[in-house]
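One structure is given below, encoded as C-alpha cells.
The values are calculated or read from the model by the stated rules, or taken from the named source; none is laboratory data. Quick caveat: nothing in here was measured; it's all calculated off a predicted structure. Neighbour counts run over all protein chains shown; Cβ positions are idealised from the backbone, glycine included. Heads up: the accessible areas ignore ligands, DNA and RNA and are worked out on the full protein's heavy atoms, side chains in. Shrake-Rupley method; radii C 1.70, N 1.55, O 1.52, S 1.80 Å.
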Amino acid sequence: LVLGDDVTEEARLQTVDLLGRTVLSHACRCSSPDAVEKVTLLLQYEAVDVNVLDNTGESPLMHQVCSQRKVNNSTDDAINMELLQLLLASPRCDVNLKGTKRRKLTAFELACSVGNVEAARTILASGRLNLTTLQATLLTSTVALGHLSVVELLLSCPDIVSSQIDARGADCRTA
C-alpha cells in the first residue's frame, strides 16, 4: 500500500489493508518489543478508531485477545498483557463491542472461548464489561471447550453465575 505525499496524517492513520486491518490492528497483533510503543503512540490520535472492525468482523481488542494464545514465552506474554491494558485504558475502547461475521462475540467472550484466562480476568477487572450482554451459553460453551481456569473465573463472578447457570446450549445441556 503506497500513499502519496498529499495524504493527511489522519487519512494515513485510517488506512486499511486488503483485510480491512488498520495500523492499530496490526500493532495489536504483534508481540515485538516495540509494539507497546507503537500502540501507545497510535492511541494518542483521535483519528485512530479503536473499535474499527476489519473484514473478519473483529476489532483490535479482539485481535489482541486472540493473539495472546499464540505466544510461547514470558516476554511475549508480558508484551501482550501490556498491549491489552493499553487498549482497555483508552476510554474510546468499547469492551462490549460484538464482532460481526464469523464470531459475534465480545473480546471477553473471545478470551473465554480460546481459554485466555488472563485476558478474560483483565477485561472483567476493568469494570467496563456489561454482563447482561454476554452470550447466554458462555459458561456452558466454556465448560464444553475444557477451559477449566476460565470456568473457575466465570464461577467466581456471582452475576455471571446467576445469568448463566441454567442456560442451555445447542445440545440442550447446561453447564
Accessible surface of Thr40 - all protein chains present, 1.4 Å probe, nearest 10 Å²: 50 Å²
For Asp77 and Ala125 in one chain, what is 0.36 nm times their gap in residues minus the Cα-Cα distance, to one decimal in nm? 15.5 nm
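How do Ser149, Ser25 stack up against each other in accessible area, from largest to smallest, with a 1.4 angstrom probe?
Numbers: Ser149 55, Ser25 0 Å².
Greatest to least solvent exposure: Ser149, Ser25.
Where does each of Val161, Val50 land when they are ordered by accessible area, with a 1.4 Å probe and the largest first? Show your work: numbers first, answer last.
Details: Val161 35, Val50 5 Å².
Reading off the accessible areas and sorting them downward yields Val161, Val50.
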Suppose all protein chains stay in the model; what accessible area per residue would a 1.4 Å probe give for the range 82-154, in Å²? 44 Å²
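Can you put Met81, Met62 in order of accessible area, largest first, using a 1.4 Å probe?
Values: Met81 40, Met62 0 Å².
Largest accessible area first, the residues go Met81, Met62.
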Two pseudo-spin positions, 7 Å from Cα along C-beta at Leu148 and at Arg102, lie apart in nanometres by 2.9 nm
Label model pair Asp34, Thr132: point-to-point distance (7 angstrom along the Cα→beta-carbon line) in nm is 4.6 nm
